[in-house]
Amino acid sequence: MPSSYVYRGDRLREVAFPLGGIGTGCVSLEGRGSLRDWEIFNRPNKGSFLELAFPILWCQQEGQASQTRVVQGPPARSFTGGPPRMDFKGDGFGTDRAQGDGLPHFSEAAFTGKFPFAQIRFKHAACPLDVSLEAFSPFIPLDAEASAMPVACLTYQLENRTSARVRATLALTLNNPVGMTTPPTKEEADKSFNDFRQGMNCRGIDFTNERFPAGDHRHGTVALTTDWPDVTVMPNWLRGGAWFDNLHHFWDMFSESGRFDKAPRYTDRGWRHPGSLGLCATLAPGERVEMPILISWCFPTFLKYWGEGDKPDSEKPRWTNAYAKRYPTAWDAAEDFFARRKDLVGRTRAFQKALFGSTLPPAVIESAANTASILRSPTCLQLQDGTFYGWEGCGNGAGCCEGSCTHVWNYALTQAFLFPSLHRTMRRAEYERSFDSDEQGRKGAVVFRLPLPLGTPASGKHAASDGQLGGIVQLYRDWRFSGDDEYLRFMWPHAKRALEFAWHQWDSDRDGVVEGDQHNTYDINFQGPNPLAQCFYLAALAAGAKMARHLGDDTSAAEYERLHRAGREKTRRELFNGEYLVQTLDCLKPDAPKYQHGIGCLSDQAFGQLAAHVGGLGYVLDEDIIKSSLAAVFKHNFRGPLGDHCNLQRIHALADESGLLLCSWPRGGRPKYPFPYSDEVWTGIEYQVASHLIYEGLVEEGLAIAGAVRHRYDGRRRNPYDELECGHHYARALASWGMLLAMSGFRYDAVAKTLHLAPRLPAGSKALRCIFTTGSAWGTFNYDGRTLAIRPVQGDLEIHRVILEGKTVEVDPSRRIARAGKTWKTS
């Protein structure tokens, strides 16, 4: 594999690291240090560049001439220009000047990505300073509010590597972003203004545009701020010039002195134009300074731009983003960030240190870390009441497949283990607001796409078997993870109704095996008994029985247990072919329905068992069947490389790349028209299978799949922070956290106050160090095969017993609390 976490040369080409909060939108830092994909306007905005937005450094070594250069590496893409436009820009007009690429810049850049931080080191032989950048937005387990700040912090580090004093100014220029996505017209002209402000905790430029009144979905503010004491500011670049006059004026002034003392002054509003904030310092030989610059934003009003037909925007539903209730303006967010900067940086760095300080293989850590960035992409929203909501992914200008889709988010684990309280809002919304409003809903059908705005009656063609049954298993997992009995009591009546809907739709003869019409994540309906739905049905029955017993509903529990026993036995007899699980339908019959898999080897066949493992349910189907089926999935579906594999569907892996196919037919029997996507490669399913392989002890096979994903997303062809399926930042990839859970073997049961540890490590591994999270605490643990040492970073953990690789150790009552900042050990 390439050097872990470090990107250089042609591996910088596609790197774009999202910066922002959960549900706030983001802006992305390119591998060379520039900014792109301004997605802060309540919808995706892929490929966008803010006109004239770039960092620039002026410096002068004592006794030498000054120099000025953009703090970015060389351009790495789009040398002929961007998309076609009609204003002498775009394809055919050369590299766009939006990022300052016509100015002197650094000759090299090396990007290190260790989410939530990105670091770039810049090199130029003539520069007297060592220059680097560290970028981050707060991301702190269990603190969903601090992790939902609409901010991107860029800290530039300058170090004097000469024997003389060096004066320096580091400036960031932004064109006023408010109105960026809506070009002005004669009827609706810009009324923008860039105002320098001195606040309580910061100073900088406040960008506004009165063209859009409060309540308009385009209304908002952006701020460019710092707490650095010595600043030079040009809030408004030169107005009124033609051609390239404003950039000439900026360059001539800044390159002369590194200051904006001759900046023009304006008091009236007008068209959008740039403003520049400079941070000044004089560095003694060997001295190093860190200069923080913050971009913050607030676009309070979310417009439901989809599914409303030809309605004008004024008639479409809208609501206020949750983050905007905390931060009504961008300046409010900046003030709060700088008031708490030390704490926010420290706790975010503690998470990074815990995650990347692990002894797990880099492919596991990098996959878990990189995909966590999905949570700050436009895939994720927080609605007005704080409900966490997700698209499946993002198109270039709109979300892709709305509604917190149950059969996609069913795979996602990262948010459930890092932000469990936030995750539970999504689960509550599903049960409170997504039961179908018709007769099917009264029977228990859950519409697998949550309708918006909240309160809209749910209506759908059919329930999703895998998503609805998977939701039962999630509830059990979340309850054991949190220990919250009140949450379970509230959710159980809804979950019971959802589970027993199976007896109307998927198991009407109540023999424990699914049949009939089963909609699923492949956007089609499987017919008859099949492993994807069946494994989830068995897991849901097992979870339902345990929850019912806990709540005293013994009658329901007994029926679930009966069905589970019967279904488990019948699955062995009828769905297991001696090697793997199959669909019993004869797909080769002339009248067979289209879009099935029959006797094919489905990568998702035992997904329900993985969900059971993660939730602590144990085996819901015979262990030997599960292990054999997983081994078969790897044997038949993992191709390294794909070579001559024929794929007539969407292409996410090429012939010279390795990947896991969704299905194969090693024993023949491929239907003429198999289910859609069957020949594709999806990272979310790769992570699901890799996690399950590790749980079953097939560690090297799981790592092979993880390594294949990392090779494909290495920066050359694809962005390591944007895994694709149906659009960008696809939510299914949040399954990656499962590899960390499987390999570390750490599971805390908050109901029983029991800590389980059963590591599954590569051959030759001796000791284990890893991050852990629970509903009340997170931190790190060390295990050497005999002693377990836990050190919570935040929160306390109550431990009554520890089960180390199957051996139970009761904890003395006097030692049952592992406290934050202190090490707790098994005796």
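The values are calculated or read from the model by the stated rules, or taken from the named source; none is laboratory data. Nothing here was measured: the structure is a model prediction, and the numbers come from that model. Here Cβ is always computed from backbone atoms with ideal geometry, including for glycine, and neighbour counts include all displayed protein chains. Just so you know, the surface numbers come from the protein's heavy atoms only, side chains and all, with ligands and any DNA or RNA stripped out. Shrake-Rupley method; radii C 1.70, N 1.55, O 1.52, S 1.80 Å.
For this structure, a couple of remarks:
- Test set (1) surrounded by 20 or more Cβ atoms within 10 Å (Cβ to Cβ); (2) over 30 Å from E62 (Cα atoms) - A263 fails condition number: (2)
- Residue within the stretch 136-145 that is buried (at least 21 other Cβ atoms within 10 Å of the Cβ) and not in a loop (DSSP other than H, G, I, E, B) present: yes
- Qualifying residue in the stretch 723-739 (condition: closer than 15 Å to S658 by Cβ, assigned to a helix (DSSP H, G or I), more than 11 Å from the chain's Cα centre (by Cα) and of a type outside the set (V, I, T)): no
So that you can scan it fast, the table gives a plain yes or no per residue for (1) more than 18 Å from W271 (Cα to Cα); (2) of a type in the set (A, V, I, L, M); (3) not in a loop (DSSP other than H, G, I, E, B):
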| site | (1), (2), (3) |
| --- | --- |
| T169 | yes, no, yes |
| P183 | no, no, no |
| T208 | no, no, yes |
| F212 | no, no, no |
| H217 | yes, no, no |
| V233 | yes, yes, yes |
| W237 | no, no, no |
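- V620 surrounded by 16 or more Cβ atoms within 10 Å (Cβ to Cβ), at pLDDT 95 or above, within 21 Å of V681 (Cβ to Cβ) and β-branched (V, I, T): no
- Of the residues making up the stretch 274-319, those that are farther than 30 Å from L450 by Cβ and of a type in the set (S, T, N, Q) are S276, T282.
- Of all the criteria given as (1) within 17 Å of V689 (Cα to Cα); (2) in contact (Cβ under 8 Å) with a residue 24 or more places away in the chain, the one not satisfied by R650 is (1).
- Per-region count, the stretch 743-758, residues assigned to a loop (DSSP other than H, G, I, E, B), under 14 Å from F772 (Cα atoms) and open to solvent by 30 Å² or more (accessible area, probe 1.4 Å): 1
- Taken over the stretch 557-597, the residue count meeting the criterion of being surrounded by fewer than 18 Cβ atoms within 10 Å (Cβ to Cβ), of a type in the set (A, V, I, L, M) and closer than 25 Å to P674 by Cα is 2.
- Output for the stretch 139-156, where each listed residue is within 28 Å of W778 (Cβ to Cβ) and in contact with a strand residue (DSSP E or B) (Cβ under 7 Å, 6 or more places away or on another chain): P141, L142, S147, A148, M149, P150, V151, A152, C153, L154, T155
Here is a yes/no grid of residues against (1) among the hydrophobic types (A, V, I, L, M, F, W, C); (2) more than 32 Å from the chain's Cα centre (by Cα); (3) at pLDDT 95 or above:
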| position | (1), (2), (3) |
| --- | --- |
| S744 | no, no, yes |
| A763 | yes, no, no |
| C770 | yes, no, yes |
| N782 | no, no, yes |
| G795 | no, no, yes |
| E798 | no, no, yes |
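- Qualifying positions in the stretch 298-325 - open to solvent by less than 70 Å² (accessible area, probe 1.4 Å) and in a helix (DSSP H, G or I): D313, A322, Y323, A324
- For the stretch 214-232, the set of residues classified as of a type outside the set (A, V, I, L, M) and free of Cβ contacts under 8 Å to residues at least 60 places away in the same chain consists of P229, D230, listed by residue number.
- Filter result for the condition that a residue is of a type outside the set (F, W, Y), modelled with pLDDT of 95 or more, open to solvent by less than 40 Å² (accessible area, probe 1.4 Å) and within 18 Å of T425 (Cβ to Cβ), over S482, S465: S482
- Residue count, the stretch 440-456 (criterion: free of Cβ contacts under 8 Å to residues at least 60 places away in the same chain and surrounded by 24 or more Cβ atoms within 10 Å (Cβ to Cβ)): 2
- Residue match in the stretch 600-611 (condition: modelled with pLDDT of 95 or more, of a type in the set (F, W, Y) and under 33 Å from the mean Cα position of the chain (by Cα)): yes
- Hits in the stretch 489-530 - residues which are in contact (Cβ under 8 Å) with a residue 12 or more places away in the chain, open to solvent by 10 Å² or more (accessible area, probe 1.4 Å) and not in a helix (DSSP H, G or I): R510, D511, E515, G516, D517, H519, D523, I524, N525, Q527, G528, P529
- The residue that is nearest to E515 (Cα to Cα), among those in the stretch 532-587 that are charged (D, E, K, R) and part of a loop (DSSP other than H, G, I, E, B), is D586.
- Test for E402: is it at pLDDT 95 or above and open to solvent by 20 Å² or more (accessible area, probe 1.4 Å): yes
- Total residues in the stretch 128-140, condition over 19 Å from A118 (Cβ atoms) and in contact with a Ser or Thr (Cβ under 8 Å, 6 or more places away or on another chain): 1
- From the options G821, G785, residue that is farther than 18 Å from H756 by Cβ and exposed (fewer than 14 other Cβ atoms within 10 Å of the Cβ): G821
- Qualifying positions in the stretch 1-57 - among the basic types (K, R) and under 21 Å from R97 (Cβ atoms): R13, R32, R36, K46
- Residue match in the stretch 371-387 (condition: surrounded by 22 or more Cβ atoms within 10 Å (Cβ to Cβ) and basic (K, R)): yes
- For the stretch 574-601, the set of residues classified as in contact with a Cys (Cβ under 6 Å, 6 or more places away or on another chain) and polar (S, T, N, Q) consists of Q596 only.
- Residue selection: D343 satisfies the criterion of being part of a helix (DSSP H, G or I), more than 20 Å from Q384 (Cβ to Cβ), open to solvent by 20 Å² or more (accessible area, probe 1.4 Å) and out of contact with any helix residue (DSSP H, G or I) (no Cβ under 7 Å at 6 or more places or on another chain).
- Check on S276, within 18 Å of L170 (Cβ to Cβ) and either assigned to a loop (DSSP other than H, G, I, E, B) or open to solvent by less than 30 Å² (accessible area, probe 1.4 Å) (or both): yes
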